1. For PHE70, all conditions in the list (1) in contact (Cβ under 8 Å) with a residue 12 or more places away in the chain; (2) farther than 24 Å from SER108 by Cα; (3) of a type in the set (Phe, Trp, Tyr) hold save one; what is the number of the exception?
2. For the range 34-57, name all the residues that are out of contact with any Gly (no Cβ under 6 Å at 6 or more places or on another chain) and over 26 Å from ALA229 (Cα atoms).
3. Sort through VAL139, VAL120 and tell me the only one that's touching a Phe, Trp or Tyr at 6+ places or on another chain (Cβ under 8 Å), in the same structural domain as GLY91 (by TED's automatic domain parsing) and aliphatic (A, V, I, L, M).
4. Considering each residue of the range 94-123, count those that are surrounded by fewer than 15 Cβ atoms within 10 Å (Cβ to Cβ) and without any contact (Cβ under 8 Å) to a residue 12 or more places away in the chain, and give that number.
5. Suppose we filter ALA168, ALA172, ALA189, ALA134 for residues that are within 20 Å of the chain's Cα centre (by Cα) and surrounded by 23 or more Cβ atoms within 10 Å (Cβ to Cβ); which single one remains?
6. Every residue in the range 74-125 that is among the small types (Gly, Ala, Ser), out of contact with any helix residue (DSSP H, G or I) (no Cβ under 7 Å at 6 or more places or on another chain) and within 17 Å of THR167 (Cβ to Cβ), please.
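The values are calculated or read from the model by the stated rules, or taken from the named source; none is laboratory data. These numbers come from a predicted model, not from an experiment. Note: ideal-geometry Cβ built from the backbone for every residue, glycine included; neighbour counts use all protein chains shown.
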Amino acid sequence: MFVLKKMVARLVFPLPLAFELLVAGLVILFGFRRWQRTGRWLVLAGTAVLLVSTTPAVPQWAMRTLEGRFPAIDMTAAKAADAQWVVVLGGGHASDPGLPVSAKVGTSTMYRLVEGVRIVRQLPGATLLLSGYAGKEAVSNARIKADLAKALGYEGPLVLEERPRDTAQEAAMITERLGQAPFVLVTSASHMPRAMALFQGQGSHPIAAPTGHLAPREALQAWDWFPNAQDAYCLQRAVYEYLGLGWAWLRGQLEQPV
């Protein structure tokens, strides 16, 4: 089910969807004379999806509907809640021994770890909990993050949670470990709505600390409107998160739709 879920999601990502529509349309145009109009509409739809996905208007709007739900962490509130744990959720990594430890984590993982270390240093006595399984790598995401945290000078209390494969499992296993204790939850800003909903659905009390924003509010230049891979990735992440929210709701993992 885990692999199937990942594969199905990728079929409806914007770029694969555009490719599917274009290929289907071209096959019909060149192979089925009676369906020429359908073929033309499919090619037009594929081209439209491609253009919408690679220019900033829709991708940045979609991403901001996710990233805008939780502001940057208020450290005063975190201290007032007496948060004694800072939880950094899992992300992408590679355990290639030929890479320096800083290159073994993906961009989103790097943002999450740096924010987690920054926050835990401001909470006296707090423990840093790093989550993330190994997947097909030799070393878990949690352990790679721990190695990088130590390389960056972090020497405080550290706990690894290497079992969870996805956010739902992280919510269940970390809540089982921490119980009702308030804690700071660090993850990507686009991922935060789903993560918060899943943790709260488990009855825990997370304090949101979003990071790694993909669509900050900034003035666009004329050249920003040219088709580009960054906006395609931005929309892909937004689609992924909304699919994840829908899946979690269908499985009854959320108290209410987010």
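1. Evaluating PHE70 over (1) in contact (Cβ under 8 Å) with a residue 12 or more places away in the chain; (2) farther than 24 Å from SER108 by Cα; (3) of a type in the set (Phe, Trp, Tyr) leaves (2) as the failure.
2. Once the filter is applied, which keeps residues that are out of contact with any Gly (no Cβ under 6 Å at 6 or more places or on another chain) and over 26 Å from ALA229 (Cα atoms), the range 34-57 yields ARG34, TRP35, GLN36, ARG37, THR38.
3. Details: VAL139 fails: touching a Phe, Trp or Tyr at 6+ places or on another chain (Cβ under 8 Å).
Criteria check complete, one pass: VAL120.
4. So the answer is 6.
5. Details: ALA168 fails: surrounded by 23 or more Cβ atoms within 10 Å (Cβ to Cβ); ALA172 fails: surrounded by 23 or more Cβ atoms within 10 Å (Cβ to Cβ); ALA134 fails: surrounded by 23 or more Cβ atoms within 10 Å (Cβ to Cβ).
Exactly one residue qualifies, and that residue is ALA189.
6. GLY106, SER108, GLY116
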